[in-house]
Amino acid sequence: MKKIEHIGIAVSDIEQANSNYAELFNSTPYKEEEVASENVRTSFFMMGDSKIELLQATSEDSAIAKYIQKRGEGIHHIAYAVDNIIAERERLINAGFQAIGDIKNGADNKLVCFFHPKSANGVLVELCQERG
Ligand code: ZN
């Protein structure tokens, strides 16, 4: 893994969170995107070499909706950039990490996959690779 690509934060109201984080960072999101496959609305702020992703559920059965119901708003996942998502996913599965679902198209022009928080001391892990 190369670096922290972004940190994902679950929010209940992305309009409110956008203006709150715009204030915090004194900048504006460089991208806002709805990801239909995940039932989320996202926005991204640059933070040096990495990013902050805000995620709001667009449906009740979205993972973000369930997360907020259980734990409230907060850090939802940490995403790590990889060069070869297929190889890295295989490596982790072989090492005993528990994958959640398959590799899929994520926000911000990325291929993404996830590993269960149980596998990483309580933090949901996202791998992401730039889509070519
Ligand atoms: Zn993410």
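The values are calculated or read from the model by the stated rules, or taken from the named source; none is laboratory data. Given the structure is predicted, the values throughout are model-derived calculations rather than measurements. With ideal geometry, Cβ positions are generated from the backbone for all residues, glycine too; neighbour counts draw on all protein chains shown.
The residue that is nearest to the chain's Cα centre (by Cα), among those in region 84-116 that are of a type in the set (K, R) and within 15 Å of the ligand (Cβ to nearest atom), is K110.
As a summary of the residue check, S119 satisfies the conditions (1) within 14 Å of the chain's Cα centre (by Cα); (2) surrounded by 12 or more Cβ atoms within 10 Å (Cβ to Cβ) except for the one numbered (1).
Per-residue answers, yes or no, for (1) under 19 Å from V123 (Cβ atoms); (2) of a type outside the set (D, E, K, R); (3) assigned to a strand (DSSP E or B); (4) at pLDDT 95 or above:
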site: E23; (1), (2), (3), (4): no, no, no, yes
site: R41; (1), (2), (3), (4): no, no, yes, yes
site: K51; (1), (2), (3), (4): yes, no, yes, yes
site: Y80; (1), (2), (3), (4): yes, yes, yes, yes
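Filtered by the rule that a residue be surrounded by fewer than 13 Cβ atoms within 10 Å (Cβ to Cβ) and not in a strand (DSSP E or B), region 94-104 gives N94, A95, G96. Being away from the ligand (no atom under 13 Å from the Cβ), more than 15 Å from the chain's Cα centre (by Cα) and without any contact (Cβ under 8 Å) to a residue 24 or more places away in the chain is a property that N18 lacks.
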